[in-house]
Amino acid sequence: MHGQRRQQQWRQEEPVVGTGPPSMECTVRLAAKEDCRDIMRMIRELAEYEKASDHIKMTEEMLKEDGFTDNPAYRCLVAELPSGQTSKEGFNIVGHAMFVFSYSSWKGRIVYLEDIYVMPEFRGRGIGKKFMKMVAKIGVESKCSAIQLAVLNWNDTAIDFYRRHGATDLTSEHGYLVFRFEEEATRKLALDEEK
């Protein structure tokens, strides 16, 4: 019941209208378990765009298991077309924004935006901005002080989009570099016995 109430609270009621046909609208809402097939499809599309398809280890089952429990590992929004409207390929879920709550020792609670993706034929119609607005609203309601994300240095469209909406480049302005311990390095570190 609590999850249903929150899903309705975080539903973007006003339609997202693009530059396409006047009847082309969509609603941004919290993802449901049934959306995982479409979310997985869009994760693959995003990885292909980022030239990183071979890095995907995620499955639809993992998305269901990790995101739809009492203590979800991630949250996700989807952009859904009205009943009867679909993409060229026949999909009515045309975008997603995946995020997690994190913590900064300097700022407290923050939202980390893992993915924001809109299918190419629906870009430029305000869906990305609606995603950002909804993630910001959820962050503010959850007492988060910032939204943080990473973007590829060659993705000028995304960089311009984030800057236009007030994002700061932590690499150039503050000197931060993003590091990751991949699975093998993580396992090695976990099993490393001090001598």
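Dipole of segment 37-100, Cα-centred, from +1 at each Lys and Arg C-beta and -1 at each Asp and Glu C-beta, to the nearest 20 debye? Don't skip to the end; give the middle numbers.
On the way: 8 positive and 12 negative charges, 27 e Å.
The calculation lands at about 140 debye.
Placing +1 on the Cβ of every Lys and Arg and -1 on the Cβ of every Asp and Glu, with nothing else charged, gives the chain a dipole about its Cα centre of roughly 760 debye.
Keeping the other protein chains in place, figure out the carbon and sulfur percent of the accessible area of the chain, with a 1.4 Å probe. Provide the component values of the computation, followed by the final result.
Values: 6710 of 13250 Å².
Exposed carbon and sulfur together represent 51 percent of the surface.
For segment 47-132, relative contact order (Cα pairs under 8 Å, six or more residues apart, normalised by length) works out to 19 percent.
Name the residue from Trp154, Ser83, Ala136 whose Cα lies farthest towards the positive end of the charge dipole of segment 76-176, charges +1 on Cβ of Lys and Arg and -1 on Cβ of Asp and Glu. Value: Ala136.
For the pair Leu191 and Ser53, a Förster radius of 22 Å applied to the C-beta separation gives a FRET efficiency near 0.15, rounded to the nearest 0.05. Normalised per residue, the accessible area of the chain is 68 Å², obtained with a 1.4 Å probe and no contribution from ligands, DNA or RNA. For segment 149-195, the Kirkwood hydrodynamic radius comes to 13.4 Å, computed from all pairs of different C-alpha atoms. Rounded, prolate or oblate, given the Cα gyration tensor of segment 19-167, with a/c below 1.5 counting as rounded? Judged from the Cα gyration tensor, segment 19-167 comes out rounded (a/c under 1.5).
If you take the square roots of the eigenvalues of the alpha-carbon gyration tensor of segment 85-195 and sort them as a ≥ b ≥ c, do you get rounded (a/c under 1.5), prolate (a/b over b/c) or oblate?
Details: a/c = 1.91, a/b = 1.54, b/c = 1.24.
Because a/c hits 1.5 or more and a/b exceeds b/c, segment 85-195 counts as prolate.
The values are calculated or read from the model by the stated rules, or taken from the named source; none is laboratory data. What you see is a predicted model, and the numbers here were worked out from it, not measured in a lab. Positions of Cβ are generated from backbone atoms using ideal geometry, with glycine treated the same way; all protein chains shown enter the neighbour counts. Ligands, DNA and RNA are stripped out before the accessible areas are found, and what is left, the full protein with its side chains, is counted by its heavy atoms. Shrake-Rupley method; radii C 1.70, N 1.55, O 1.52, S 1.80 Å.
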